[in-house]
1. Would you check which residues across segment B:23-61 are surrounded by 17 or more Cβ atoms within 10 Å (Cβ to Cβ), part of a strand (DSSP E or B) and either touching a residue at least 24 places away in the same chain (Cβ under 8 Å) or more than 14 Å from the chain's Cα centre (by Cα) (or both) and list them?
2. Anything in segment A:7-47 that is open to solvent by less than 20 Å² (accessible area, probe 1.4 Å) and more than 12 Å from A:Ser73 (Cβ to Cβ)? List them, or say none.
3. Restricting to segment B:8-22, give me the number of residues that are within 12 Å of the chain's Cα centre (by Cα) and part of a loop (DSSP other than H, G, I, E, B).
4. If I filter segment B:55-66 for residues that are under 24 Å from A:Val89 (Cα atoms) and in contact with a strand residue (DSSP E or B) (Cβ under 7 Å, 6 or more places away or on another chain), do I get at least one hit?
5. Give me the residue from segment A:48-70 that is closer than 24 Å to A:Pro97 by Cβ and in contact with an Asp or Glu (Cβ under 9 Å, 6 or more places away or on another chain) and, out of that set, least open to solvent (accessible area, probe 1.4 Å).
6. How many residues, within segment B:9-25, are at pLDDT 95 or above and out of contact with any His (no Cβ under 9 Å at 6 or more places or on another chain)?
7. So, in segment A:84-114, of the ones that are more than 30 Å from B:Ile50 (Cα to Cα) and open to solvent by 50 Å² or more (accessible area, probe 1.4 Å), which residue ends up nearest to the other protein chains (Cβ to nearest Cβ)?
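The values are calculated or read from the model by the stated rules, or taken from the named source; none is laboratory data. The model shown is predicted, which means the values in this text are computed figures rather than measured ones. Reconstructed Cβ throughout: ideal geometry from the backbone, glycine too, with neighbour counts over all protein chains shown. To get the accessible areas, we keep the full protein, side chains included, count just its heavy atoms, and leave off ligands, DNA and RNA. Shrake-Rupley method; radii C 1.70, N 1.55, O 1.52, S 1.80 Å.
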Amino acid sequence: DAGVIQSPRHEVTEMGQEVTLRCKPISGHDYLFWYRQTMMRGLELLIYFNNNVPIDDSGMPEDRFSAKMPNASFSTLKIQPSEPRDSAVYFCASSEPGLYGGYYGYTFGSGTRLTVV
Amino acid sequence: DQQVKQNSPSLSVQEGRISILNCDYTNSMFDYFLWYKKYPAEGPTFLISISSIKDKNEDGRFTVFLNKSAKHLSLHIVPSQPGDSAVYFCAASDFGTGNQFYFGTGTSLTVIP
């Protein structure tokens with residue numbers, strides 16, 4: 001398996017523009033997580049899905065953020081409009097055995113580094 | 001509120017010496033703990049875990065210690081190698097009820113050759 005695949009690896013955009021981040025989880029994993037990494041808050045959970053259904057979006061910072069999972073193999077995180085303070089690394093992760101991730105936790109993608117100027 | 005805290009954002013250690021990374025948690029229901037390692041431009045990857053029924057787990061050069069009464073865990077790397085230079089995240093979960101993992105803010109370890 002190729003692991004969790006995220007695209008793009010880097011995104012530079014101007015303030016006010018729409019940004020879409022993409023994630024392909026590991027086949028068979030029924031949980032998908034979106035995290036944001038910042039210096040102040042570390043790995044911050046934004047939202048997670050179970051069987052394509054959003055379960056907990058309490059970590060989504062504002063209405064400018066939205067996430068979808070139209071099928072088991074694809075998810076998007078959208079920011080509209082983007083702001084400089086959204087600059088961070090965004091990770092997608094997936095889990096097979098459940099929310100608790102099993103003995104080895106979650107499998108993470110390589111992340112998308114977003115810069116909003 | 002941050003349920004898992006890593007109070008040292010960075011740590012520098014000479015090659016061959018011991019690296020000690022610390023992690024504190026607030027939720028007494030947490031019963032399973034992980035350490036992840038993250039290299040630049042890569043996602044975090046699993047390093048080592050410990051269950052609350054143990055106070056120590058060892059895997060090669062890596063040992064994790066758990067002090068439940070103090071709600072504290074630590075990761076020891078002996079001997080430290082330059083390839084260990086990375087960001088280390090601790091994570092905790094209420095494994096018994098199948099709850100999610102909560103992550104700390106990370107500690108950036110630099111091992112100086």
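1. B:Cys23, B:Asp24, B:Tyr25, B:Tyr32, B:Phe33, B:Leu34, B:Trp35, B:Tyr36, B:Lys37, B:Lys38, B:Leu47, B:Ile48
2. Listed by number, the residues that qualify are A:Thr13, A:Val19, A:Leu21, A:Phe33, A:Trp34, A:Tyr35, A:Gly42, A:Leu43, A:Leu46, A:Ile47.
3. 1
4. Going residue by residue through segment B:55-66, those that are under 24 Å from A:Val89 (Cα atoms) are none.
Looking through segment B:55-66, none of the residues is under 24 Å from A:Val89 (Cα atoms) and in contact with a strand residue (DSSP E or B) (Cβ under 7 Å, 6 or more places away or on another chain).
5. A:Phe49
6. Total meeting the criteria: 8.
7. If we take residues in segment A:84-114 being more than 30 Å from B:Ile50 (Cα to Cα) and open to solvent by 50 Å² or more (accessible area, probe 1.4 Å), then A:Arg113 is nearest to the other protein chains (Cβ to nearest Cβ).
Residues are listed down the side, and each one gets a yes or a no for (1) open to solvent by less than 60 Å² (accessible area, probe 1.4 Å); (2) within 14 Å of chain A (Cβ to nearest Cβ):
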site: B:Phe65; (1), (2): no, no
site: B:His76; (1), (2): yes, no
site: B:Gly83; (1), (2): yes, no
site: B:Tyr88; (1), (2): yes, yes
site: B:Ala91; (1), (2): yes, yes
site: B:Phe95; (1), (2): yes, yes
site: B:Phe101; (1), (2): yes, yes
